[in-house]
1. At residue 243 and residue 58, where each label point lies 7 Å from the Cα along Cα→Cβ, what is the point-to-point distance in nanometres?
2. Pick from 164, 245, 123 the residue whose mean-square fluctuation is largest in a GNM of the chain, springs joining Cα atoms under 10 Å.
3. Of (i) 25; (ii) 21; (iii) 30, which is the value of percent of Cα pairs over 36 Å apart derived from the coordinates here?
4. Out of the DSSP beta bridges found with both residues in the chain, what percent are antiparallel (nearest 5)?
5. Report P(r) for the range 21-222: all Cα-Cα distances, bin width 10 Å, range 0 to the bin holding the largest distance, values in whole percent.
6. Residue 354 versus residue 222, label points 7 Å from Cα toward the beta carbon: distance in nm?
7. Could you check how many percent of all C-alpha pairs in the range 229-383 are farther apart than 22 Å?
8. Taking other Cβ within 10 Å of each residue's Cβ, how do 171, 74 sort, fewest first?
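Any read-out appearing in this document is the output of simple, stated calculations on the displayed coordinates, not a laboratory observation. Worth saying up front: this structure is predicted, and the values here are computed from it rather than measured. Here the Cβ positions follow ideal geometry from the backbone for every residue, glycine too, while neighbour counts run over all protein chains shown.
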């Protein structure tokens with residue numbers, strides 16, 4: 001789009017129930033708008049053609065290579081891969097976008113699906129050499145983005161790669177600069193990825209960010225020996241799995257049972273108590289509990305972190321803490337997170353210290369055998385490597 005034109009891109013809600021009508025209406029002019037924005041070297045499609053060319057290079061099209069394109073749109077990129085012999089499976093929530101893609105790739109396996117609801121049954125048990133998700137994932141909130149990436153990685157072959165091209169920067173500061181530079185065009189409803197944030201979500205994965213403009217780039221994600229960790233809400237379909245999580249026999253004096261943690265989340269619901277499940281891939285391996293503490297000094301109160309006895313010593317607790325701290329920092333209600341831990345629970349203290357918690361020196365008269373630790377959400381300690 002030229003600099004004296006209004007942004008014709010529809011502004012869509014990033015709620016879980018996204019409306020596809022805007023993209024249906026946009027489908028006829030989508031590719032034209034993209035090219036105009038790229039020509040102007042401005043948000044949101046600055047360096048778009050360079051990104052598409054680079055994605056083709058990274059995919060290395062070959063006969064029989066299996067490609068999943070999530071948010072395939074009009075299919076211009078996947079058409080280039082199909083011409084190179086790749087087998088294309090594409091998902092999009094817009095019927096009109098898919099109609100354009102079918103004109104280019106009659107043989108492609110295309111399905112209408114809103115990926116804010118997860119992934120469709122049509123790709124269940126399917127594995128792909130490359131998964132693409134370009135200019136699409138920004139319609140989701142942080143937790144939904146994290147969950148989608150985790151699910152996509154489960155569908156990669158062992159040597160496969162997830163490629164995300166989008167409005168994206170390495171850091172919050174760079175994103176703020178891009179937003180300021182194009183304040184007249186910027187869509188406040190979108191939630192753009194930060195490469196640094198994705199690295200915190202998935203410690204241990206092989207993640208590279210290649211910048212192509214002040215506001216865009218490509219994120220490459222490959223699986224590694226470490227499991228993919230995510231935090232998820234506890235709901236009707238998974239609470240029994242959480243209830244079965246067990247601590248080690250010698251930890252009974254230090255930490256509550258999973259059912260007790262769930263019960264406390266209910267009892268303290270007036271204090272916004274939140275129990276979250278810790279997942280490694282698609283397996284529930286832990287549970288944590290955090291609530292608001294309005295007493296002075298007001299803070300987030302991390303009450304429990306339980307990792308199942310069969311999944312301890314794998315770095316899951318540290319990864320879960322990093323994810324939680326990032327969410328709390330983003331919410332910004334309190335400047336710190338406090339917790340209380342038994343002095344004899346040396347393993348837990350070591351984990352908390354490694355993430356960045358420090359001993360405050362305060363001894364609660366009601367719990368003289370415990371130490372109180374705190375994490376400043378305004379510090380850089382969350383950047384510490386796992």
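1. Inter-label distance under the simple model: 4.3 nm.
2. Maximum fluctuation in the GNM of the chain, among the listed residues, is at 123.
3. Recomputing percent of Cα pairs over 36 Å apart here gives the entry labelled (iii).
4. Numbers: 42 of 62 bridges.
In the chain, DSSP labels about 70 percent of beta bridges as antiparallel.
5. Percent of pairs per bin, in order: 9, 37, 40, 13, 1.
6. 2.5
7. When every Cα pair of the range 229-383 is considered, 37 percent fall beyond 22 Å.
8. If I rank by nearby Cβ atoms, fewest first, I get 171, 74.
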